[in-house]
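> Sharing a structure with you now.
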Amino acid sequence: MIAEQEYLQLSESTRVRVLSEALPYIQQFTGRTIVVKYGGAAMKDANLKDKVIRDIVFLSCIGMRPVIVHGGGPEINSWLDKLGIEPQFKNGLRVTDAATMDVVEMVLVGRVNKELVSLINQAGGSAVGLCGKDGNLFQARPEGQEGIGFVGEVSKVNTKILESLVNSNYIPVVSSVAADETGQAYNINADTVAGEIAAALGAEKLILLTDTAGILRDAKDPSTLITKLDIQEARRLIETGVVSGGMIPKVKCCVRSLAQGVRAAHIIDGRIPHSLLLEIFTDTGIGSMIVSSEFI
């Protein structure tokens, strides 16, 4: 795939050839579920956001079954600031007291989610917004660390509502807020939610849109991108410190989803226009693909 402006400058015959070359990939993935975790720069930059939305609608139009899971950290921080609540983090997790949980739910469920649904609908798709509370889509339990408040993990996923939607050609857009058995709301990491939903649906692919090129052997050198690795290599990179910081939970959620049956997990750079299409419809892709050893 190529940048949109360059594509529009191509001759008609070249445009047709590009479309024709995508056919094997379209045939391979038609009818398959692809879970996309949407976040980072691709959500903040209006131009990138437009391209991601159009790519998601494109995937739906050619017969794939996209499910979108989103975060919204920067907008949560913005609203906390407006309300005079200082954001706090512990071990990379947002400390979520009762007041912060109210803001998280308002922003993720009431604002970010509905904006994405509206944009997909405007682009010609049919989207439905959900959170974990809707139809008991997924249930939360406390994450376990002391001093972080209402931060949760996914304890259970009920796929019935998602399967009903994708079977009717709707695009589910899921925010990472859920309740426990008592009805208490919890803030859950969106990468984690995406991985658990992908596993529960038996997705063909889990794709995490990030602000990095992918998994790098040297975090300061983009040329050291690892384009393909298996679960064992991914775990070794975490153990040896090659994968560190905020990349650790992303790689762990990919490994966990693969261990539960997802065919491939991808960490890609959402700052690149049409990164979704580049990763799915080209042999080389643009990011890091993690697979089970049998597929290496």
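> Spin-label point model (7 Å from Cα, Cβ direction): what's the Leu83 to Asp45 distance in nm?
Distance between the two pseudo-spin positions: 3.0 nm.
> Now for a separate question. Compute the Kirkwood hydrodynamic radius of the chain, taking the inverse of the mean of 1/r over all pairs of distinct Cα atoms, and give it in Å to one decimal. Working shown, then result.
Values: mean 1/r = 0.0512 Å⁻¹.
Mean inverse Cα-Cα distance, inverted, gives 19.5 Å.
> Please give the per residue accessible area of the range 140-229, computed with a probe of 1.4 Å over protein heavy atoms only, in Å².
Working: 3840 Å² over 90 residues.
Here the residues of the range 140-229 average 43 Å² of exposed surface.
> Here is a further query. Distance from the Cα centre of the range 108-145 to that of the range 58-78, in angstrom?
The range 108-145 and the range 58-78 have Cα centres spaced 9 Å from each other.
> At R0 = 25 Å, how high is the FRET efficiency between Arg32 and Ile248 if r is their beta carbon distance? Nearest 0.05 is fine.
Numbers: r = 28 Å, r/R0 = 1.13.
FRET efficiency, Arg32 to Ile248: 0.35.
> Same structure again: So if a site counts as exposed when it's one of the GluC sites (Glu not before Pro), its DSSP state isn't H, G, I, E or B, and it has at most 16 other Cβ atoms within 10 Å, what's the longest stretch of the chain without one? Don't skip to the answer; put the middle values down first.
Details: sites that count: Glu146, Glu181.
For GluC sites (Glu not before Pro) (loop position, at most 16 other Cβ atoms within 10 Å), the longest site-free span of the chain is 1-145.
> When Lys and Arg each count +1 and Asp and Glu each count -1, what net charge do the other residues less than 14 Å away from Ile197, Cβ to Cβ, add up to?
Working: positive: Lys37, Arg65, Lys156, Lys160, Lys205, Arg256; negative: Asp134, Glu153, Glu163, Asp191, Glu196, Glu204.
Counting the neighbours of Ile197, the net charge comes to 0.
> Quickly work out the Ser20-to-Thr282 label distance, labels modelled 7 Å from Cα along the C-beta direction, and quote it in nm with one decimal.
2.1
> Hey, another quick one. For the chain, what is the mean residue ellipticity at 222 nm derived from helices alone (per DSSP H run of n ≥ 4: -39500 (n - 2.57); sum divided by total residues; nearest 500 deg cm²/dmol)?
Numbers: 13 runs with 118 residues, N = 296.
Counting only the DSSP helices, I get -11500 deg cm²/dmol.
> Can you give me the C-alpha center-to-center distance between the range 223-296 and the range 170-215, rounded to a whole angstrom?
Distance between centres, Cα-based: 16 Å.
> At 0.36 nm per residue, minus the direct Cα-Cα distance, what do Asp180 and Met106 gain on full extension? Give it in nm, one decimal, please.
Details: separation 74, 0.36 × 74 = 26.64 nm, distance 1.78 nm.
Extending this stretch completely gives an extra 24.9 nm.
> Defining a contact as two alpha carbons under 8 Å apart and six or more residues distant in sequence, what relative contact order in percent does the chain show? Walk me through the numbers before you get to the answer.
On the way: 570 pairs, mean separation 62.1, N = 296.
This gives 21 percent for the chain.
> If you roll a 1.4 Å probe over the heavy atoms of the protein chains, what accessible area per residue do you get for the range 12-74, in Å²?
Values: 2820 Å² over 63 residues.
That works out to 45 Å² per residue.
> Using only Cα atoms and rounding to the nearest 10 degrees, what angle (0 to 90) does helix 247-259 make with the longest principal axis of the chain?
Helix 247-259 sits roughly 70 degrees off the main axis of the chain.
> Let me ask something else about it. Just the number, please: carbon plus sulfur as a percent of the accessible area of the chain, 1.4 Å probe, no ligands or DNA/RNA counted. Walk me through the numbers before you get to the answer.
Values: 6710 of 13730 Å².
Whole-percent figure for carbon plus sulfur exposure: 49.
> Now for a different question. Projected onto the charge dipole of the chain (+1 at Lys/Arg Cβ, -1 at Asp/Glu Cβ, origin at the Cα centre), which of Thr182, Ser292, Gly270 gives the Cα projection farthest towards the positive end?
After comparing all options, I get Ser292.
The values are calculated or read from the model by the stated rules, or taken from the named source; none is laboratory data. Owing to the predicted nature of the structure, the values given are computational and were not obtained by experimental measurement. Here Cβ is always computed from backbone atoms with ideal geometry, including for glycine, and neighbour counts include all displayed protein chains. Please note that ligands, DNA and RNA were not included when accessible areas were found on the heavy atoms of the full protein model with its side chains. Shrake-Rupley method; radii C 1.70, N 1.55, O 1.52, S 1.80 Å.
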